[in-house]
Amino acid sequence: MSNKELSNNGLNRNERRKLKTKENLRNAAIETFLEVGYLNTTVQDIMERADLGYGTFYQYYKSKQDVIVELANEAREIIKKEYVLLPETETSLYKRTIYRLEMVFKTYAKHREVLKILLECHHADEGLHRAWNQLIEAPFKAMKKDLTWSMNQGLCQDVNLNTAIIALHGMVQAVGVHIVQNNLTEQEIDNITKDIALLFTKAIYIKDIAPEFWRKNLNNR
């Protein structure tokens with residue numbers, strides 16, 4: 001392989017062509033799912049919109065389900081990555097909650113089209129239902145870990161842990177669906193994030209500022 005065959009990201013011309021074809025295919029699939037519905041879409045519909053041969057689809061995917069599952073998994077990995085990134089010096093529980101929820105909600109907004117498709121069809125197929133659940137559930141393992149640790153340190157109200165998780169889960173999922181169904185502005189998402197964070201922290205935590213012994217462990221648990 002010559003240097004001329006390599007692009008700046010290390011891919012040769014053939015590899016770049018394949019990536020471009022796959023991106024074209026994915027975009028065509030999303031547009032078609034949104035226009036006529038996932039259940040009414042055929043592979044032929046996708047390939048006609050992409051202006052590609054029918055057989056090209058199967059060089060990249062086994063079924064139309066694989067396209068949306070791949071997109072959902074990419075969004076889930078972003079949520080998982082962003083959720084755990086917190087400012088090490090931030091000790092306000094309210095602001096920390098805002099930061100984490102903001103990452104989740106803005107990722108939902110960024111991937112609104114994929115979530116909208118999944119919202120429509122996730123009950124119709126086991127694989128899509130699994131992808132939807134994994135995407136919606138992505139932040140909650142970390143949330144449960146935070147709450148469990150906080151309750152064990154006596155920083156929370158005397159409430160049942162599972163009840164608190166269910167309540168937060170319900171609020172976040174409802175907001176996620178609201179974001180998917182409505183084209184919200186960034187400011188509207190920020191306002192909702194602050195409201196949810198305030199409702200949750202006021203209901204659960206005794207104090208807003210983490211005590212000294214907790215601050216040392218906030219990002220090292």
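The values are calculated or read from the model by the stated rules, or taken from the named source; none is laboratory data. Model, not experiment: these values are computed from the prediction. With ideal geometry, Cβ positions are generated from the backbone for all residues, glycine too; neighbour counts draw on all protein chains shown.
Within region 124-165, the residues that satisfy the criterion of being modelled with pLDDT of 85 or more, out of contact with any Ser or Thr (no Cβ under 6 Å at 6 or more places or on another chain) and not in a helix (DSSP H, G or I) are GLN157, ASP158, VAL159, ASN160.
Can you confirm whether region 185-206 contains a residue that is over 21 Å from ASN73 (Cα atoms), modelled with pLDDT under 85 and buried (at least 20 other Cβ atoms within 10 Å of the Cβ)? No, there is no match, as no residue in region 185-206 is over 21 Å from ASN73 (Cα atoms), modelled with pLDDT under 85 and buried (at least 20 other Cβ atoms within 10 Å of the Cβ).
Residues of region 141-161 include at least one that is of a type outside the set (Lys, Arg), under 30 Å from GLN65 (Cβ atoms) and either touching a residue at least 24 places away in the same chain (Cβ under 8 Å) or outside the structural domain of GLU113 (by TED's automatic domain parsing) (or both). Within region 60-72, being surrounded by 14 or more Cβ atoms within 10 Å (Cβ to Cβ) and either part of a helix (DSSP H, G or I) or of a type outside the set (Ser, Thr, Tyr) (or both) holds for LYS64, GLN65, ASP66, VAL67, ILE68, VAL69, GLU70, LEU71, ALA72.
Any residue that is among the hydroxyl-bearing types (Ser, Thr, Tyr) and out of contact with any helix residue (DSSP H, G or I) (no Cβ under 9 Å at 6 or more places or on another chain) - is there at least one of those in region 184-193? Yes, region 184-193 has at least one match.
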